[in-house]
Amino acid sequence: MSDTRSGWQDYYVEAFLETNSLNLVGRLAAAEKAILLRTKELRGNVGGPAERQAIADALNGLSVLKREINTPIGIKVNKEPDLGKAPSLL
């Protein structure tokens, strides 16, 4: 990895480029850990708003990736309620 400032970005990219499902969970954990460590460093007012926004975006991206790997292949999950039908009481 490169310097501390972009080290978390390297882990993030590695997680997204991982194609082996056996390695993906570990890559996700490593990316989240690196981001957490960088977030702690930023509490000391190191870095700027652009990096903070990049971290927020990265965490959102990892969240989406985690949802994708937890959804069985070929099954589309509809999380929005069907407003055209009344809920069944049975």
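Contact map, the range 53-65: first residue within 12 Å of TRP8 (Cα to Cα), second residue of a type in the set (S, T, N, Q) and surrounded by 12 or more Cβ atoms within 10 Å (Cβ to Cβ), Cβ cut-off under 7 Å, separation 6 or more or different chains; pairs are ILE55/THR39. Among the residues that make up the range 49-57, is at least one of them outside any helix (DSSP H, G or I) and surrounded by fewer than 15 Cβ atoms within 10 Å (Cβ to Cβ)? Checked against the condition, which is being outside any helix (DSSP H, G or I) and surrounded by fewer than 15 Cβ atoms within 10 Å (Cβ to Cβ), the range 49-57 yields no hits at all. When the range 38-64 is filtered for residues that are at pLDDT below 90 and either closer than 20 Å to VAL25 by Cα or β-branched (Val, Ile, Thr) (or both), only VAL46 remains.
The values are calculated or read from the model by the stated rules, or taken from the named source; none is laboratory data. Predicted model, so just to flag it, every value in this text is computed and none were measured. A quick note on method: Cβ atoms are made from the backbone with ideal geometry, for glycine too, and the neighbour counts reach across all protein chains shown.
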